[in-house]
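The block underneath contains the structure these notes are about, expressed in structure tokens.
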Amino acid sequence: MVLANFYTGILFQLEEGNVYVRGPRFVIQVMLNVLLAGQAYLTLLLNRKKLNPVMLWSLMLFPLLPVAGVVIQTLYYGATATLSFKTIALLLIYINVQRAMIFIDPLTGLENRRSIDLLVKAMGENRREVLYAGMMLDIDNLKVINDLYGHSAGDLAIKRTAEVLRGSLRKTDFIARYAGDEFLVVMEVEDRTALLRAVERIQAALENHNMTSDDPWRLEISMGYDTFVYQTPEEVEQALREIDLKMYEEKNRRKIEKKTNLNVVSV
């Protein structure tokens, strides 16, 4: 229709003095753009379970710009916003989807391991004196859940853990799926007490989940955590390795403790 408009003026015409005049088929352009937005939402509704949350929300925002362009162009005579807004929307959605495919874990919707490099770079660009807190978290007995209930249950346990972390931490805190069943949290804190409060929130949320969940298995995690300051990227990596080591020490301690308790009960 846009190409045909050069010869027919069906959408708009420019009269003498560059005066804009709507064409006889302008309303068809409005209806087609509204139809496009409706079709986009319908497609998302039908396929919402196949998309991770980050990509889903990015796609849901896509039709809003074309609709806004339609409203502006309809209400304000002479404005030509529909096509330009649609182009901007396509560009934004392309950038967001590309980022989601590269830096977002598809199972949980959290950041993935590739995002850690961007995090460390952002730390280096931050000129303020900042105390950071890091946590490494690992799901206990995920193999047992997989063996007893199937790998879909194991995936669900990973998703449940991600939900617990999201609900316990601030939106500004960095949460990533570091490996298969291991998670990394990095956040700015005022002091070590703030880190301990965050740990307590996670533990309380996990306990609440186990009390209210209908899952046939109990979700448990081991945590290692500490504070650190940014000086060089290498020192951040070293700090995270030490936190990871503390997590594995905690995991081994919990295993020994459970084994001891089982032996006491059997006796």
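Listing for the model above:
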{"item": "Answer from Ala122, Ala133 - the residue that is closer than 23 Å to Leu196 by Cα and either at pLDDT below 90 or in the same structural domain as Leu165 (by TED's automatic domain parsing) (or both)", "result": "Ala133"}
{"item": "Failed criterion for Val185 (all others in (1) at pLDDT below 95; (2) part of a strand (DSSP E or B) hold)", "result": "(1)"}
{"item": "Filter result for the condition that a residue is within 30 Å of Lys258 (Cα to Cα), of a type outside the set (Gly, Ala, Ser) and in contact (Cβ under 8 Å) with a residue 60 or more places away in the chain, over Asp138, Asp105", "result": "Asp138"}
{"item": "Selection status of Phe12, closer than 18 Å to Val67 by Cβ and touching a strand residue (DSSP E or B) at 6+ places or on another chain (Cβ under 8 Å)", "result": "no"}
{"item": "Leu107 being over 28 Å from the mean Cα position of the chain (by Cα), hydrophobic (A, V, I, L, M, F, W, C) and at pLDDT 80 or above", "result": "no"}
{"item": "Hits in region 224-241 - residues which are of a type outside the set (Asp, Glu) and in a helix (DSSP H, G or I)", "result": "Pro233, Val236, Gln238, Ala239, Leu240, Arg241"}
{"item": "Those residues of region 110-154 which are of a type in the set (D, E, K, R) and either assigned to a loop (DSSP other than H, G, I, E, B) or within 19 Å of the chain's Cα centre (by Cα) (or both), in sequence order", "result": "Glu111, Arg113, Arg114, Asp117, Arg127, Arg128, Glu129, Asp140"}
{"item": "Matching residues in region 101-139 - criterion: being within 29 Å of Lys255 (Cβ to Cβ) and surrounded by fewer than 20 Cβ atoms within 10 Å (Cβ to Cβ)", "result": "Leu107, Asn112, Arg113, Ile116"}
{"item": "Index of the failed condition, Asn96 passing every other in (1) farther than 24 Å from Leu156 by Cα; (2) outside the structural domain of Val30 (by TED's automatic domain parsing); (3) buried (at least 18 other Cβ atoms within 10 Å of the Cβ)", "result": "(2)"}
{"item": "Single unsatisfied condition, Tyr20 versus (1) in a strand (DSSP E or B); (2) without any contact (Cβ under 8 Å) to a residue 40 or more places away in the chain; (3) of a type outside the set (A, V, I, L, M, F, W, C)", "result": "(2)"}
{"item": "Some residue of region 155-177 being in a helix (DSSP H, G or I) and of a type in the set (Asp, Glu)", "result": "yes"}
{"item": "Residue that is farthest from the chain's Cα centre (by Cα) [pool: residues in region 163-180 that are crowded, with 19+ Cβ neighbours inside 10 Å and hydrophobic (A, V, I, L, M, F, W, C)]", "result": "Val164"}
{"item": "Selection from region 64-98 of residues that are of a type in the set (Ser, Thr, Tyr) and either in contact with a strand residue (DSSP E or B) (Cβ under 7 Å, 6 or more places away or on another chain) or closer than 21 Å to Met1 by Cβ (or both)", "result": "Thr74, Tyr76, Tyr77, Thr80, Thr82, Ser84, Thr87"}
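Results for (1) surrounded by fewer than 17 Cβ atoms within 10 Å (Cβ to Cβ); (2) farther than 22 Å from Tyr178 by Cα; (3) among the hydroxyl-bearing types (Ser, Thr, Tyr), shown as yes or no for each residue.
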site: Glu207; (1), (2), (3): yes, yes, no
site: Met211; (1), (2), (3): yes, yes, no
site: Asp214; (1), (2), (3): yes, yes, no
site: Phe228; (1), (2), (3): no, no, no
site: Gln231; (1), (2), (3): yes, yes, no
site: Val236; (1), (2), (3): no, no, no
site: Leu240; (1), (2), (3): no, no, no
site: Tyr248; (1), (2), (3): yes, no, yes
site: Lys258; (1), (2), (3): yes, yes, no
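The values are calculated or read from the model by the stated rules, or taken from the named source; none is laboratory data. Please read all numbers here as calculations on a predicted model, not as lab measurements. In this analysis, Cβ positions are derived from the backbone assuming ideal geometry, glycine residues included, and neighbour counts consider all displayed protein chains.
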